[in-house]
Amino acid sequence: RIVVAGSANMDLVGLAPRLPSPGETVLGDDFVMTPGGKGANQAIAAARAGGTCTLLGAIGSDAFGVTIKARLNASGVDTTHVRTSYGVSGVAVIMVDHAGENSIIVSPGANSSFAGLSAAETAVIADSDVLLCQQEIPLDTVVAAAQAARAGDTRVILNAAPARELPPELLDSVDLLVVNEGEAIAITGSAGPDMPALLALVPRVVLTLGGAGSWYADRDGHDERIPACRVDVADTTAAGDAFTGALAVAWGEGRDLVQAVRWANAAGAACVRKVGASNALPGRAEIDALYAL
Ligand code: ADP
């Protein structure tokens, strides 16, 4: 059982030959509306990867909220505990040009109202094998969720994305930190990915390295680079979400972390073969097939 405490947004994606400059209007072509946010994406990734997954978070009372929840349910995510707060849902307004360059505005909306865990939310965390958090909801809520997990013997994975401050009361409750290279640099302030500096903060670290795979190290002396699966890349959007969701499932199933990371690599690779975000998150059979190669 996986529980994700995190953000849920509606992504509004407009495609145009080029991005408009300030004050300019350009004629676009395709428009796509799809649920997003790292919390929702990772919950969908975990459910598709075969996990039993519950999302804790907040959507707005608008039409986007209804659609977000319906899409989560259709992906197999338990939304029983998702709050509906009066007002707008989180929205990402995304402009993409034909070269794949983008400009994005994220409005947190209801995500910023996700505060003060209820008894029911705390119980879900305590009853789960793994809690997975990111940093697109209020920091106090991430801390409270991690502490509830620690009190209930639930393992805590923190995907520190986007990179924000990591207070000691949060780090004290984290079992496994998952970061990409940019986030690692932002957290440690080092010039490059600095594994010893990260292990000074938390007991276990997975560093994702895009097409170079990932790197697992822990305080017990494990230190291993796990190569990526070789695939034809169509779009790297949501690779990190596919990876992290699958990693939570594999660790929750009791696999050792190096094996779990290898399986999560297969999930990330399966995701980059397809264009899109939450729609590109792979199912368990796809992950198993790449893992077996
Ligand atoms: P993020 O999307 O958070 O920046 P990464 O780009 O590091 O994360 O990708 C996460 C994981 O997805 C990688 O560790 C790797 O396993 C997989 N992945 C990403 N890009 C590729 C690629 N080009 N080929 C194969 N696997 C990839």
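Computed from the coordinates by the stated procedures, all read-outs in this text should not be read as laboratory data. Computed from a predicted model, the values in this text were never measured in an experiment. Note that we place each Cβ from the backbone using ideal geometry, even for glycine, and neighbour counts take in every protein chain shown.
What the table below lists for this structure:
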{"read-out": "Test for Gly213: is it in contact with a strand residue (DSSP E or B) (Cβ under 7 Å, 6 or more places away or on another chain) and at positive phi", "value": "yes"}
{"read-out": "Residue, farthest from Gln134 (Cα to Cα), within segment 70-111, restricted to residues that are assigned to a helix (DSSP H, G or I) and touching a residue at least 40 places away in the same chain (Cβ under 8 Å)", "value": "Arg71"}
{"read-out": "Exclusive hit being crowded, with 19+ Cβ neighbours inside 10 Å, in contact with a Cys (Cβ under 8 Å, 6 or more places away or on another chain) and of a type in the set (Val, Ile, Thr), set Val178, Val124, Val96, Val156", "value": "Val156"}
{"read-out": "Count - residues of segment 227-240 that are within 21 Å of Arg48 (Cβ to Cβ) and either more than 7 Å from the ligand (Cβ to nearest atom) or among the aliphatic types (A, V, I, L, M) (or both)", "value": "9"}
{"read-out": "Lone unmet requirement of (1) within 16 Å of the ligand (Cβ to nearest atom); (2) crowded, with 22+ Cβ neighbours inside 10 Å; (3) farther than 30 Å from Arg18 by Cα for Glu136", "value": "(3)"}
{"read-out": "Flag for Arg225 being in contact with a Phe, Trp or Tyr (Cβ under 8 Å, 6 or more places away or on another chain) and in a loop (DSSP other than H, G, I, E, B)", "value": "no"}
{"read-out": "Single residue of segment 1-16 satisfying the filter (in contact with a Leu (Cβ under 8 Å, 6 or more places away or on another chain) and assigned to a loop (DSSP other than H, G, I, E, B)) that is farthest from Gly276 (Cα to Cα)", "value": "Gly6"}
{"read-out": "Residue satisfying all of: in segment 250-281; polar (S, T, N, Q) and more than 10 Å from the ligand (Cβ to nearest atom); surrounded by the most Cβ atoms within 10 Å (Cβ to Cβ) among these", "value": "Ser278"}
{"read-out": "Residue list for segment 44-85, restricted to those being surrounded by 24 or more Cβ atoms within 10 Å (Cβ to Cβ) and charged (D, E, K, R)", "value": "Arg48"}
{"read-out": "Cross-chain or 6+ apart pairs with Cβ under 6 Å, segment 18-29 first and in a loop (DSSP other than H, G, I, E, B), then of a type in the set (Ser, Thr, Tyr)", "value": "Leu19/Ser103"}
{"read-out": "Unique match (being outside any loop (DSSP other than H, G, I, E, B), under 23 Å from Ile2 (Cβ atoms) and within 12 Å of the ligand (Cβ to nearest atom)) among Leu170, Leu247, Leu158", "value": "Leu247"}
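Okay, residues lined up against (1) out of contact with any Lys or Arg (no Cβ under 9 Å at 6 or more places or on another chain); (2) within 29 Å of Val93 (Cβ to Cβ):
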| residue | (1), (2) |
| --- | --- |
| Glu224 | yes, no |
| Ala228 | yes, no |
| Trp251 | no, no |
| Cys271 | yes, yes |
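Condition check ((1) of a type in the set (S, T, N, Q); (2) more than 16 Å from the ligand (Cβ to nearest atom); (3) surrounded by fewer than 21 Cβ atoms within 10 Å (Cβ to Cβ)) across all residues:
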| site | (1), (2), (3) |
| --- | --- |
| Ala184 | no, no, no |
| Gly192 | no, no, yes |
| Pro196 | no, yes, yes |
| Pro203 | no, yes, yes |
| Leu209 | no, no, yes |
| Ala212 | no, no, yes |
| Asp218 | no, yes, yes |
| Glu224 | no, no, yes |
